[in-house]
Each structure stands twice: as structure tokens, then as C-alpha cells.
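Everything below concerns the one structure shown next.
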Amino acid sequence: MSGPKLFEPLKIGNLTLANRIVIAPMCQYSAENGCMNDWHQIHLGQLALSGAALLTIEASAVLPEGRITHGDVGLYDDATEAAMAGVIESVRRWSDMPIAIQLSHAGRKASCEVPWKGGLQIAPGAPNGWQTEGPSTVPFLPTENAPVALDRDGLDRVRDAFAAAAVRAARLGIDAIQLHAAHGYLLHEFLSPLSNRREDAYGGSLENRMRFPLEVFDAVRAAFPAERAVTMRVSGTDWAEGGWDSEQTVAFAKALEARGCSAIHVSSGGTTPAQQIPVGPSYQVPLARAVKQAVSIPVVAVGLITDYEQAEAIVGTGDADMIALARTILYDPRWPWHAAAHLGGTVKAPNQYLRSQPRQFKDLFEG
């Protein structure tokens, strides 16, 4: 009898993952001027001991104005790179889990307060606020300050910033890059007709709306070492009439695969406050399934995946190749251990914790 599919190895490009559980990027809103600190060391350090196959660093802005909040991590200058280097060095001293990073630009959803202080957008000129940018001058909320529409120079500046961040990520020894084209941030804003009202070569048709995100992908792919993976996170639908949808996501995924994308991570929503999301266990899995049926590269499913049998079913039936955990693994940082125990798999644990293996699961921890 074969073991659980969730604990079979998988390759993303040249990167071999020990199982099918990946840790999604999760913003901590705790950086100082874009620089990681001790909180990130604690946060990422514990997750690196979880038994998952891949740790993804939270959305890291490629420009200061690309941060969601003033507490966001950045990778846009020597100071932010040095701070991240210190955290990564500490984590890697005690864990050999591969590390990816999500590179991002928040677009019109930038310049916000941290969530536990309300999360509202901060006006330009106010403390911790700045002018936002986007594909068009359409704000996320009617009450917010309108973004400046990126002109040709602006598009080049943002594209080049993504590529420069990829070079910094390579210097840090990061194993893979995930580009953030989901949740209503800049690259998603170009994709969705709800936020992209341009009348030039970057707006209108699906081909035009995909143009800038694909240019960013190409620039990052060229800047990052060829043997390391570049992946993309997408919102499979806007959950709103007239918006981005699953059919367009499939077309985008095919274009990415043709350009050398190593994997697609399928989330959803975020581009409009009018979204109507049918939230429930595995509610985004059909979006991942649609992409999985259209491409040959690995696909990641995410969203309210909390149950061990649920996760096994997603990968076991071929709906996706991997599952990503976010809030679930914050709540239970040993979720992969518990899943392996429940399903009859094995998982890696640090030497210092080997004696914690429960008596009834004698082969849980890999030797």
C-alpha cells in the first residue's frame, strides 16, 4: 500500500521539495523602514522547523512606495538586503528547508496603516503615508486618494525594480522567487479590467492587460539564476461581475508556462470591495484545478485548508500538486507533523526535537 501523496517529494524546476506542503507568504507588518528585525527571525525560524517543504518569505516590496503598509518588508536597497541577510543566515543555521521569497508591489492598495490599527489607507503627506501608483487613476475605495497612473517611465522603473530585487534575492541565496500577481496588488491591477482602465497597449484586451505582468516576469526570469525557480501567485477570480476570472487565469498561466514559469500558486479575490466570496473549506481549489488541467507545471492550492484528509484529497485527486498553508500554520506551527502522524507519512524534525516523537508513531520522524 502506497503512502500518502501529501508526503511524496516533488520538483519545482531544479528544486526538490520533500513533500507537498508549502508555507505561504504571510505579511507581518513589523518591519522598520522595510528592514526585517528580530520578530521576523522568530517568526520564520519557527516555521522553518515545521516539517513543511518550502518556506516563503512574506510579500517583500521592490520599491518603498510598493509596500502595503509602513511596516512591510522591502528588498529595494542595501539596508533592506542586509537586514534580510541576517535573518536568513540565522534561520539557515538551524534548518535546511528551502526558502523562497514573494516579490511584490501593492499598487493602489499601498500606503495603509497596519491591520491592528485599522488598516485604512493613509493620505499622502500624512505620517507614514505616500502617493500610490497603479495602472489607472481608479482608487480601491471611492474615499481613498486616487493612484497616479504609471506612464512609460513608471512602468520601466517598476519592472526594473522587480529585476533588481531578484538580483538581491539571488545574492541572499534564496532558492525561488514568487511574483505577486494576486489580491488586488499592482500586477493583479493590470490584469483585472475592474482596476485597469488604460487605453494604451497595457489596457483593454486580455493580451494587453497581461502585457505588463509578463514583462515583469520576463525581467525577473532574466535577472535570477537560470537554475532557480521563478513562480507566480495569481488570483483565480475577482469574485465580481466584469472582473478577472478563471478563464483569463488559465490563459495567463499558459503564457507564463511558455516563458519558463516553474509553478503557479492560485489564490483569489482582492481587487474590489464589491467581491462576493463563497468562503468555505477548499473554496479556491476549483480555481487551482482549472489551471492544473491546462498546464504541465506544478500548481499550488491555498485557502481554508485545515484538515489533514482534506489536504491529502486535494493532491491525491490531482486537483493541485501542492497545498499552501498560511493562517493554519500560524495557529499550529507543527501542522505538517500532525498531518504526517494522521496520514501515516514521515516528516523531518530537528535533532533537538527528535525525542518528542510520540510513542504510537515510531516512524514519524525521518532518520
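The values are calculated or read from the model by the stated rules, or taken from the named source; none is laboratory data. If you're wondering where the values come from, they're calculated on a predicted model, not measured in any experiment. Every residue, glycine as well, gets a Cβ built from its backbone with ideal geometry; the counts of neighbours run over all protein chains shown. Calculation scope for accessible area: heavy atoms of the full protein, side chains included, ligands and nucleic acids excluded. Shrake-Rupley method; radii C 1.70, N 1.55, O 1.52, S 1.80 Å.
Yes/no matrix, rows are residues, columns are (1) under 27 Å from Ile99 (Cα atoms); (2) touching a Ser or Thr at 6+ places or on another chain (Cβ under 8 Å); (3) open to solvent by 10 Å² or more (accessible area, probe 1.4 Å):
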position: Arg211; (1), (2), (3): no, no, yes
position: Glu227; (1), (2), (3): yes, no, yes
position: Val230; (1), (2), (3): yes, yes, no
position: Thr271; (1), (2), (3): no, yes, no
position: Val285; (1), (2), (3): yes, no, no
position: Val295; (1), (2), (3): yes, no, yes
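Regarding Ala106, is this residue open to solvent by less than 20 Å² (accessible area, probe 1.4 Å) and of a type in the set (A, V, I, L, M)? Working first, answer last.
On the way: open to solvent by less than 20 Å² (accessible area, probe 1.4 Å): yes; of a type in the set (A, V, I, L, M): yes.
Yes, satisfied.
On the given criteria, is Asp307 of a type in the set (D, E, K, R), touching a residue at least 24 places away in the same chain (Cβ under 8 Å), open to solvent by 10 Å² or more (accessible area, probe 1.4 Å) and in contact with a Lys or Arg (Cβ under 9 Å, 6 or more places away or on another chain)? Walk me through it before giving the result.
Numbers: of a type in the set (D, E, K, R): yes; touching a residue at least 24 places away in the same chain (Cβ under 8 Å): yes; open to solvent by 10 Å² or more (accessible area, probe 1.4 Å): yes; in contact with a Lys or Arg (Cβ under 9 Å, 6 or more places away or on another chain): no.
Considered against the rule, which asks whether it is of a type in the set (D, E, K, R), touching a residue at least 24 places away in the same chain (Cβ under 8 Å), open to solvent by 10 Å² or more (accessible area, probe 1.4 Å) and in contact with a Lys or Arg (Cβ under 9 Å, 6 or more places away or on another chain), Asp307 comes out as no.
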| request: Starting from segment 24-47, take each residue that is open to solvent by 40 Å² or more (accessible area, probe 1.4 Å) and list its partners that are hydrophobic (A, V, I, L, M, F, W, C), counting only C-beta distances under 6 angstrom and pairs at least six apart or across chains. | output: Tyr29/Val114; Gln41/Val87
| task | Inspect segment 126-138 for any residue being closer than 20 Å to Phe162 by Cβ, at pLDDT 95 or above, in contact with a Gly (Cβ under 9 Å, 6 or more places away or on another chain) and in a strand (DSSP E or B) and give the result as yes or no. | result | yes
| query | Can you name the condition, by its number, that Asn196 falls short on among (1) touching a Pro at 6+ places or on another chain (Cβ under 9 Å); (2) over 16 Å from Ala106 (Cα atoms); (3) part of a loop (DSSP other than H, G, I, E, B); (4) of a type outside the set (D, E, K, R)? | reply | (2)
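Got at least one residue in segment 96-112 being in contact with a Cys (Cβ under 6 Å, 6 or more places away or on another chain) and more than 20 Å from Ile329 (Cα to Cα)?
There is no residue in segment 96-112 that is in contact with a Cys (Cβ under 6 Å, 6 or more places away or on another chain) and more than 20 Å from Ile329 (Cα to Cα).
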| How many of the residues in segment 167-187 are β-branched (Val, Ile, Thr) and outside any loop (DSSP other than H, G, I, E, B)? | 2
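Of the residues Leu179, Leu206, which single one is closer than 21 Å to Ala251 by Cα, buried (at least 23 other Cβ atoms within 10 Å of the Cβ) and not hydroxyl-bearing (Ser, Thr, Tyr)? Step through it out loud before you land on a result.
Values: Leu206 fails: buried (at least 23 other Cβ atoms within 10 Å of the Cβ).
Of Leu179, Leu206, the one residue that is closer than 21 Å to Ala251 by Cα, buried (at least 23 other Cβ atoms within 10 Å of the Cβ) and not hydroxyl-bearing (Ser, Thr, Tyr) is Leu179.
How many residues does segment 188-221 contain that are closer than 17 Å to Phe140 by Cβ and hydroxyl-bearing (Ser, Thr, Tyr)? Break it down into steps so the answer makes sense when it comes.
Let us first name the residues in segment 188-221 that are closer than 17 Å to Phe140 by Cβ, namely 188-198.
Keeping just the survivors that are hydroxyl-bearing (Ser, Thr, Tyr) gives 192, 195.
The total comes to 2.
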